[in-house]
Amino acid sequence: MSTFDIIVLGSGPGGYVTAIRAAQLGFKTAIIEKESLGGVCLNWGCIPTKALLKSAQVFEYLKHAEDYGLKIKGADKDFDAVVKRSRSVAEGMSKGVQFLMKKNKIEVIKGFGTLKAGKKVSVKAEDGSITEYSANNIIIATGARSRELPSLPQDGKKIIGYRQAMTLNKQPKKMIVVGSGAIGIEFAYFYNSMGTEVTVVEYLPNIVPVEDEDVSKQLERSFKKAGVKIMTSAEVTSVDTSGDGVKATVKTAK
């Protein structure tokens, strides 16, 4: 059984930075990751979504080039290329974390880690093999996952989560975004900019509800001006996926 001073469970921004600092302080360090180094943030969250948003922003500039004294004819987007660029950016960041692990002599253990009694971690690899490791200190940095709503069971095809939304093979004509937190609003902006008809459904009275009300109201005005339909104090109570698309029943307060 391999023994370390510190084992970090999870290689997201919290985990890999902690592992690097531990190694710099002289601790024998290992990091356990079930997918790609960098975790959800670098691979499926903050970084790739910003790449999508940048493409959307540039496309917006092209569509309004005359506002800047420029003339552009025939500007269009390649949805597949936009998605591929986003994935390429994420892969580059993950490789950067891989380099940092090697540079700081941190052992990377691939697999799903499970805490055991006696300061041990059991790791199940992709081939099903299980290996135990021990450490004087174990740091949990596993992050979080999106919660699936009972009225919206995700099938990965018509009712999708953030991962599928970042890697769709074909741009949808219409989309309902349930929830207007940072992630929902980012997808609403991106797909609206690409030409998808977007409706945002928010349970609370304002979009981006954790932000100041002034910010929420200004953002709602901007989104409506851009053609995004906003439904606040509303909830999706049921969905019908039997047809070509999705029919959603939305209950509003009014």
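The values are calculated or read from the model by the stated rules, or taken from the named source; none is laboratory data. No experiment lies behind these values; they were computed from the predicted model shown. No Cβ is skipped: glycine too gets one built from the backbone with ideal geometry, and neighbour counts run over all protein chains shown. Calculation scope for accessible area: heavy atoms of the full protein, side chains included, ligands and nucleic acids excluded. Shrake-Rupley method; radii C 1.70, N 1.55, O 1.52, S 1.80 Å.
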Inset, instruction - Could you please tell me which pairs satisfy a Cβ distance under 7 Å, a separation of 6+ or placement on different chains, a first residue in the range 234-251 that is surrounded by 14 or more Cβ atoms within 10 Å (Cβ to Cβ), and a second residue that is β-branched (V, I, T) and not in a strand (DSSP E or B)? - result: V239/I159; V239/V246; T241/I159; V246/I159
Legend entry - Residues located in the range 103-116, provided they are free of Cβ contacts under 8 Å to residues at least 24 places away in the same chain and either in a loop (DSSP other than H, G, I, E, B) or in contact with a strand residue (DSSP E or B) (Cβ under 6 Å, 6 or more places away or on another chain) (or both): T114, K116
Inset, instruction - Determine if the range 208-220 includes at least one residue that is without any contact (Cβ under 8 Å) to a residue 12 or more places away in the chain and either among the β-branched types (V, I, T) or open to solvent by less than 40 Å² (accessible area, probe 1.4 Å) (or both). - result: yes
Inset, instruction - Only helices (runs of 4 or more DSSP H) wholly contained in the range 1-102 count here; list those with 3 or more residues that are open to solvent by 50 Å² or more (accessible area, probe 1.4 Å). - result: 13-24, 46-63
Inset, instruction - Go through the range 84-121 and count every residue that is under 21 Å from the mean Cα position of the chain (by Cα), within 28 Å of A135 (Cα to Cα) and of a type in the set (S, T, Y). - result: 1
Legend entry - Residues of the range 107-122 that turn out to be surrounded by 12 or more Cβ atoms within 10 Å (Cβ to Cβ) and either modelled with pLDDT under 95 or more than 27 Å from G161 (Cα to Cα) (or both), as a count: 9
Inset, instruction - Could you list all residues from the range 41-54 that are closer than 11 Å to F190 by Cα and either touching a residue at least 40 places away in the same chain (Cβ under 8 Å) or acidic (D, E) (or both)? - result: T49, L52, L53
Inset, instruction - Write out, first by first residue and then by second, each pair whose Cβ atoms fall under 6 Å of each other, whose residues are 6+ apart or on separate chains, and whose first residue, in the range 180-203, is in contact (Cβ under 8 Å) with a residue 24 or more places away in the chain while the second is of a type in the set (G, A, S) and open to solvent by 20 Å² or more (accessible area, probe 1.4 Å). - result: N192/A226
